[in-house]
1. At pLDDT below 95, assigned to a helix (DSSP H, G or I) and either under 22 Å from L307 (Cα atoms) or in contact with a Pro (Cβ under 8 Å, 6 or more places away or on another chain) (or both), is that true of G79?
2. Taking only pairs six or more apart or across chains, which ones have beta-carbon atoms under 8 Å, a first residue in the range 55-66 that is under 11 Å from A100 (Cβ atoms), and a second residue that is buried (at least 18 other Cβ atoms within 10 Å of the Cβ) and of a type in the set (D, E, K, R)?
3. Taking the range 13-52 on its own, how many of its residues are under 14 Å from the mean Cα position of the chain (by Cα), of a type in the set (F, W, Y), open to solvent by 20 Å² or more (accessible area, probe 1.4 Å) and closer than 15 Å to A186 by Cβ?
4. If I filter the range 341-398 down to residues being touching a Ser or Thr at 6+ places or on another chain (Cβ under 9 Å) and hydroxyl-bearing (S, T, Y), which single residue comes out as modelled with the lowest pLDDT?
5. Please find, within the range 369-418, the residue that is surrounded by the fewest Cβ atoms within 10 Å (Cβ to Cβ) out of those that are more than 24 Å from I84 (Cα to Cα) and of a type in the set (S, T, N, Q).
6. Give the residues of the range 326-349 that are open to solvent by less than 60 Å² (accessible area, probe 1.4 Å) and either hydrophobic (A, V, I, L, M, F, W, C) or assigned to a helix (DSSP H, G or I) (or both), sorted by residue number.
7. Can you name the condition, by its number, that P466 falls short on among (1) open to solvent by 40 Å² or more (accessible area, probe 1.4 Å); (2) in contact with a Ser or Thr (Cβ under 7 Å, 6 or more places away or on another chain)?
Amino acid sequence: MRAFVAVFLPLFVAYAVTLQWCMDRWNAPTQYFEHCWLVPLVAAVVIWYRREQWRLQPAAPDLRGLWLLGPGLLMHLAGAQLMIDSWSAGSLCLTVPGAAWLALGRARLRGLWPVLWLVLFVVPAPIYVEGRVAFTLKEVAVQGGSWLANLLGADIVRAGDLLRPQGSPKALFVADACGGLRSLLAMLTLGYCLAFFTGEPSWRRRTVLLLAAAPLAIAANVARIAVLCLFSAWFGVAFAEGTGHTLANVAEWVSLVTALLLLDVALGRVFAPSAAPGPPGAAAVVERAQGAAPQSRRTLLRVGVALWAAALPLAWLCLHRPYTAGGARAERLPDQIAGYTLVPRTADEEARFLAKLPNWRETLGTADFVYRRYRDERGARINLVALFHDSNWKSVHPPRICIEGSNMSIEADEVVPAAGLGDGVTASRILARSRTDGWRYLTLSLFGTRDWATGDYSAFTWHHLPRALLRRNESGFLLRVETPVQDGEPLAAAEARCAAFLRDIVPAARELLR
């Protein structure tokens, strides 16, 4: 009880807001981390199942736990001060095992370390990392699945994340959640649990299981997409998106779990069981006694005082958010800019946009953004992405991330002077080619505030980081202006269109920040 009050309770207070953030991410629309709800239950079952083993070991505080707990708390402090929740959550990977080591000692934790490292599987990845990995996996799944389906005679034509059977008026839409990240994370967790909580404790068996989980998950998702393509060709897109989707999902998970279990059985036969461990020798007894040497109550009291002194300010930093996100500024941008008029989305386009909207809001870290298309009298097109941020500036990504996520390959990426926006102001200039229609697109992007602007993402970060450290976050925006490059058209002409549009929209964006 003394260890609970001195170590675990203050840390729970310090991390309460962070734990809430983790659970919110477990419930996120992408459903990538749904499996995390089961991980604490698995840990509790393993601890209860092994209770006779760990109860025999002495429980004594061990100050060497500060080797993990100290860096973990420093990382949590940085995350809380900067309001970067993913940093605070990531620090749990050090804080949880460090706290157990400090409070219970090395001897009591013998055999329980794999349970403590389960924390690696419940901490959601930063949104930036999640988005990058999800996009890569989706590209592998869509490209690999359509190729495999065509190899089997499906005759699928790919257009971005739409897979259309030849001659069909409808196309199979591959959502972001179908990219394979959810099954990959779940399989990695399952592989870890099989490796460390069942079977023979052989390092070779455990290594093979851990290494096999990811390739199995990726291959199974590619096969699932291929099956859906075949369903679309044979029975129609409506069947593939309904009953076929359900059948393919069930078949995928049954196949994955079965394959992993069969692999585990095969590994158990390949690697001979090790001899049952005998009683510990004298050296082991001495080591155990040294590692679990009890600390005095006075030492535990000092540790508790220090942790409570740290926990209360950390809890306050997590709770105190002086700047909250503003609302609906992007929607108030003008419908007419630089001679271009807003083009409304069609009903089908609006339906697809609304289907993707929850994932985009989660990825961007804000709901205050728009994606719009504009056209002038000559038919020239401008695509606009406008995003406004407050303390959530950390969720703003470099422009190339969104462009790559739009199924484009980047041919040039540079920072150039921003014409008409003042001396020293730059813009990000990206030339990319769409994998969907083969068109080239030129993009100019600008990060800005009421009186400052740049196209350099590193300059954007260093502008906001010192202010965030002092809790003086500055509201700002990201404007990304894109136009297709016509056949035979000089790049300078396309760049001039984007520059004129950007020059006229920046004052409107700044006005919305006042």
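1. Yes.
2. Every condition considered, the pairs that remain are A59/R108; D62/R106.
3. Total meeting the criteria: 1.
4. The qualifying residue modelled with the lowest pLDDT is T363.
5. Looking at the filtered set, the residue picked out is S409.
6. Within the range 326-349, A328, A330, L333, I337, A338, L342, V343, E349 meet the criteria.
7. Failing condition for P466: (2).
Let's see how each residue does on (1) buried (at least 23 other Cβ atoms within 10 Å of the Cβ); (2) in contact with a Lys or Arg (Cβ under 7 Å, 6 or more places away or on another chain); (3) over 28 Å from L73 (Cα atoms); (4) aliphatic (A, V, I, L, M):
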position: P114; (1), (2), (3), (4): no, no, no, no
position: V123; (1), (2), (3), (4): no, no, no, yes
position: Y128; (1), (2), (3), (4): no, no, no, no
position: E139; (1), (2), (3), (4): no, no, yes, no
position: A149; (1), (2), (3), (4): yes, no, yes, yes
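The values are calculated or read from the model by the stated rules, or taken from the named source; none is laboratory data. All values derive from a computational prediction rather than experimental measurement. Using ideal geometry, Cβ is built from the backbone for each residue, glycine included, and neighbour counts are taken over all protein chains shown. Protein only, heavy atoms only, side chains kept; ligands, DNA and RNA dropped before computing areas. Shrake-Rupley method; radii C 1.70, N 1.55, O 1.52, S 1.80 Å.
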